[in-house]
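Asks: To start, I am sharing the structure in question, which I have written as structure tokens.
Derivation of every value follows stated rules applied to the coordinates shown; laboratory data play no part. On a predicted model such as this, the values are computed, not experimentally measured, just so you know. FYI the Cβ positions are ideal-geometry reconstructions off the backbone, even for glycines, and counts take in every protein chain you see.
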Amino acid sequence: MTAQTLTVAKALGAGLRRAMTDDPSVMVLGEDIGRLGGVYRVTDGLQAEFGPRRVVDTPLAESGILGTAVGLAYRGYRPVVEIQFDGFVYVAFDQIVSQLAKMHARTNGAVKLPVTIRIPVAGGIGAAEHHSESPEAYFVHTAGLRVVSVSNPQDASTVLRQAIACDDPVVFFEPKRLYHVKGEVDPDLPLDDAAPMGTARVVRPGTDVTLVTFGSHVATALDAAVAASDEGVSVEVIDLRSLSPIDHDTVAASVRRTGRLVVLHEGPRQAGVGAEIVTSATERCFDFLEAPPVRVTGYDIPYPPAKLEGTQGPDLDRVLVGIDRALGRATSGAGVEVGA
Amino acid sequence: MPSTMGSTSRDDLSRAGGARTETASGTTDGTTTQSTTGSTDDGTRDGADTTLRLLDEKGVRHPDAGLDRWLTDVDAGTDEARAPLLGLYEEMVVARRVDAEATALQRQGELALWPPLQGQEAAQVGSAAALRGDDFVFSSYREHAVARKRGVSPVDLLRVWRGITASGWDPYAVNMATPQVIIGAQALHGVGYALGIQADVERGVVEVGDDGTAAVVAYVGDGAMSQGDVNEAFVFAATWQVPLVLFCQNNQWAISEPVTLQSAVPLVRRAGGFGVPGVRVDGNDVLAVLAVTREALHRARTGGGPTFVEAVTYRMGPHTTADDPTRYRDASELAAWAERDPIARLAAYLRSAGLLTDDDEARVRGVADAVAAELRAGVVALEDPPPLSVFDHVYAQEHPTVAAERAEHAAFLAGFAEGSDR
């Protein structure tokens, strides 16, 4: 099939449809995913097409959904679970961390649990509380899980199919800001032709500063790179795509060339994904660094109410301040001890 | 399966918790089997709910039309029944012997920990004996007799408790998951697996014989009845009518917490609120447990959905070898439950029926001792695995972080090797 113009939401649906067509063991479970098509309409039309046995509306209990998915996978199915909102995943924490993530190790490799957990993630849409969380660090910290976050419609479709095909459990983050963003998508792209799921991608080459991010903030980073170029600064933007594993090789290769590193994400700073990237890059590239790496992240606070959420999600200006700090330039934000 | 299986003329589901409740004055809804011993004083809170029982504490067998029809193969009046009845007896005796040997091995430093099953032999052997090979079991960490019945060798049973491996057996080799330590989590796995059976049947990828589909038994304890996962399992199982038996061994104690702390009503009554048929059985009566589980499995296999079984029993030993139950329960309680011992009860019945002789007892004791000796020899011979094996199965497909850490630790270990500069 040739490329179509699809939103991220439609591209995800196309990825699910393709995976369900290719593999009869793929089942989709979640709240409101059947007749409604999910609160973001990602599963729109799937129940009509594949039936209620394969597109299953569940009772409202996230631990129950995840525990059921574990049992289905035990029986040989490939469940794709939709968690309705990021803040709802915590009640399923044990089933994800102690059961799903560890079962392969707990059975010496006898039991594979190829479960994909789709989670709408992060804020920026003026939502109610518990609807704007960035919980990726919890799952990146958990052995046995793979974690990905998509930034564009093609990856939404392709990486979702890769996640479903993977024999390990995968936490699949879908930034809510991107659901209605459109782009060219080939929903039938052979997975062998796509970049492997665990790899990062340089989305804009540059020579002065490496800016590492993922999810919806890839767009913020690209905007910042354009703005910085107006001032003569060349920013290389890396879309991590995968948060576990992290493609440290791609990050390190870039940092060795630029000598400067900025990491951008919306989740809280303390022990966040940025801490891992900065530490690893420092370990690998210490002799190449011209300045201390910089983290531009959400603050270590509960996600704020809608009218205040601009404080939490790093915007273009905060990224530019971060780039300035990495360059050793004085700005209005420079000189402030951050994270001390 | 008993030949009377399909002959019921009454609604089996009428045994549902809440739907069938004896009042304190002893009247019933009149539609179902009731305890033929007339005794409901079995440690439950108020004695107001029927507990199904076939063998009383003296080993006297009482008829019960509702249950007996599931037990035609172990009807002591037939010659064919001798072998299966002695088989149940042997399983229970061996289970207790394995348990005692494991406790001794822990005391001698050969095991890191052991959760004894003593007292629960009938609940485990009776329920496991009702299973088919293609059924699947999700258990807690105390179901040693169930695992043995599924085909797990005694040494494999103890590997985990020796602390040398994450898993003692391949779940698919015996159709039983490895033990679950997180209380109640496995109930949901049972729901999911049973949903998978339903889906397999609808897709036509499994054949369904005359006695129905495969089913799942998920074992939980009385403490687990407070967990969200178990309550969610009730909801999900009832909604989808999956082929599941939620089998609760109410052994009265969750470490030091009595069952009264977990539930304001008898556990069996909880099922009714979820729309799940519930039945309470004397968990120290192996025949009643077998009958009740067979009936529940039959319901599951034939589209009747889930059943909750509360098997009322008692944990005679500590929670684990690290526990000291003398701090929280009275010796008199222990003595009272010793009078209800499941093995002595079955032995008394078999002797009275002329099915258990001194020679039989000696033979079974010999079998148990042999299993224990083999177990001990096998366990003490188990060697520690190599350190790098901890990296082996973290992921099904290679993960660069773990691969790098494995290489790092391999290099670290190599630094201590003979000839190294270190």
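Asks: Tell me, what is the percent relative contact order of the range B:5-380, built from C-alpha pairs under 8 Å that lie six or more residues apart?
Replies: Details: 708 pairs, mean separation 90.3, N = 376.
Over the range B:5-380, the number comes to 24 percent.
Asks: In addition: Which value in Å is the Kirkwood Rh of the range A:8-193 over different Cα pairs? Present the calculation step by step, with values, prior to reporting the outcome.
Replies: Working: mean 1/r = 0.0619 Å⁻¹.
Evaluated over the range A:8-193, this radius sits at 16.1 Å.
Asks: Something else now. Which is farthest toward the positive dipole end of the protein assembly as shown among A:I323, A:L222, B:A404, measuring Cα position about the Cα centre, with Cβ charges +1 (Lys, Arg) and -1 (Asp, Glu)?
Replies: Looking along the dipole axis, the top candidate is A:L222.
Asks: May I pose another question? Could you state the angle between the C-alpha long axis of helix A:316-326 and the longest principal axis of the C-alpha atoms of chain A, as a value from 0 to 90 degrees rounded to the nearest 10?
Replies: So the helix axis and the longest Cα principal axis differ by about 50 degrees.
Asks: Would you mind giving the mean number of other chain beta-carbons within 10 Å of the Cβ of each residue in B:182-191, as a whole number?
Replies: Numbers: counts 5, 1, 3, 8, 4, 3, 12, 12, 4, 6.
That average works out to 6.
Asks: A follow-up question, please. Which angle from 0 to 90°, rounded to the nearest 10, does the C-alpha axis of helix A:153-165 make with the longest principal axis of chain A?
Replies: 50 degrees
Asks: Is the range B:5-380 best put as rounded, prolate or oblate by its Cα gyration tensor, with a ≥ b ≥ c the root eigenvalues, rounded for a/c under 1.5, and otherwise prolate when a/b is larger than b/c, oblate when not?
Replies: rounded
Asks: Return a whole-number percent for the relative contact order of the range A:8-193, with Cα pairs under 8 Å and 6 or more residues apart as the contact set. Show your work: numbers first, answer last.
Replies: Details: 382 pairs, mean separation 46.0, N = 186.
Value for the range A:8-193: 25 percent.
Asks: In terms of the ratio Rg/(2.2 N^0.38 Å) built on C-alpha atoms, what value belongs to the range A:1-42? All intermediate terms of the calculation are to be shown ahead of the outcome.
Replies: Details: Rg = 11.3 Å, N = 42, 2.2 N^0.38 = 9.1 Å.
So the Cα radius of gyration is 1.24 times the expected 2.2 N^0.38 Å.
Asks: Give me the dipole magnitude in Debye, nearest 20, for the range B:5-380 about the Cα centre, with unit charges on the beta carbon: positive for Lys and Arg, negative for Asp and Glu. Intermediate values should be presented prior to the final figure.
Replies: Values: 35 positive and 52 negative charges, 99 e Å.
My answer is approximately 480 debye.
Asks: Considering Cα pairs under 8 angstrom that are at least six residues apart, work out the relative contact order of chain A and quote it in whole percent.
Replies: Values: 759 pairs, mean separation 53.2, N = 340.
Answer for chain A is 16 percent.
Asks: To continue, here is another question. GNM, chain B, Cα, under 10 Å: largest mean-square fluctuation among B:D330, B:D134, B:D285?
Replies: Greatest mean-square fluctuation among the candidates belongs to B:D330.
Asks: With no solvent and one equal point scatterer placed on each C-alpha of the range B:299-393, evaluate the Debye formula and give log10 I(q)/I(0) for q = 0.26 Å⁻¹, two decimals.
Replies: -1.23
Asks: What's the local net charge at B:K149, with K and R +1, D and E -1, over the other residues with C-beta under 13 Å away? Don't skip to the end; give the middle numbers.
Replies: Numbers: positive: B:R132, B:R148, B:R150; negative: B:E90, B:E91, B:E121, B:D135, B:E143.
After counting each charged neighbour, the total is -2.
Asks: For the range B:329-378, list log₁₀ I(q)/I(0) at each q in 0.29, 0.32 Å⁻¹, using the Debye formula over Cα point scatterers of equal strength and ignoring solvent, two decimals each.
Replies: Here log10 of I(q) over I(0) equals -0.97, -1.06.
Asks: Hand me the tally of lysine pairs in chain A: alpha carbons under 22 angstrom apart, and the pair either on different chains or 8 or more positions apart. Don't skip to the answer; put the middle values down first.
Replies: Numbers: A:K10/A:K176; A:K10/A:K182; A:K102/A:K112; A:K176/A:K307.
Within chain A, the lysine pair count is 4.
Asks: Taking only Cα atoms and a 10 Å spring cutoff, compute GNM fluctuations for chain A and point out the largest among A:A200, A:A156, A:A110.
Replies: Maximum among the listed residues: A:A110.
Asks: Follow-up question, since we're still on this one. Which whole-number value in Å³ per residue fits the convex hull of the alpha carbons of the range B:203-254? If you can, show how the numbers build up before the last one.
Replies: Values: hull volume 4.8 nm³, N = 52.
Output value, Cα hull per residue: 92 Å³.
Asks: Let me know the shape class of the range A:104-193, please: from the alpha-carbon gyration tensor, a ≥ b ≥ c as square roots of the eigenvalues, rounded when a/c is under 1.5, otherwise prolate if a/b is greater than b/c, or oblate.
Replies: oblate
Asks: Also: Can you give the charge dipole size of the range A:169-237 about its Cα centre, rounded to the nearest 20 debye, using +1 on the beta carbon of Lys and Arg and -1 on the beta carbon of Asp and Glu?
Replies: Details: 5 positive and 11 negative charges, 61 e Å.
Value, rounded to 20: 300 debye.
Asks: Please compute the net charge surrounding B:P400, taking Lys and Arg as +1 and Asp and Glu as -1 over other residues with Cβ under 9 Å from its Cβ.
Replies: Numbers: positive: none; negative: A:D247, A:D249, B:E398.
Around B:P400, the charge tally is -3.
Asks: Considering only B:G212, B:A373, B:A237, whose Cα is most displaced toward the positive end of the charge dipole of the protein assembly as shown, charges sitting on Cβ of Lys, Arg (+1) and Asp, Glu (-1)?
Replies: Checked the options; the winner is B:A237.
Asks: Report the Stokes-Einstein translational diffusion coefficient (µm² s⁻¹, integer) for the range A:201-326, Rh taken as the Kirkwood radius over Cα pairs, at 37 °C with viscosity 0.692 mPa s.
Replies: Numbers: Rh = 14.3 Å.
Calculated translational D: 230 µm²/s.
Asks: Further, regarding this structure: What does the convex hull of the Cα atoms come to per residue for the protein assembly as shown, in Å³?
Replies: Considering the Cα atoms of the protein assembly as shown, their hull volume per residue is 188 Å³.
Asks: Let me ask another. Under the definition of partner shielding as Cβ atoms of other protein chains within 10 Å of a residue Cβ, what is the mean value for peptide A:97-109? Provide the component values of the computation, followed by the final result.
Replies: On the way: counts 1, 4, 7, 0, 2, 3, 7, 7, 9, 10, 10, 11, 8.
Neighbouring Cβ atoms belonging to other protein chains average 6 per residue here.
Asks: Something else about it: Answer rounded, prolate or oblate for chain A, using the Cα gyration tensor with square roots of eigenvalues a ≥ b ≥ c: rounded when a/c is under 1.5, else prolate when a/b is larger than b/c, else oblate.
Replies: prolate
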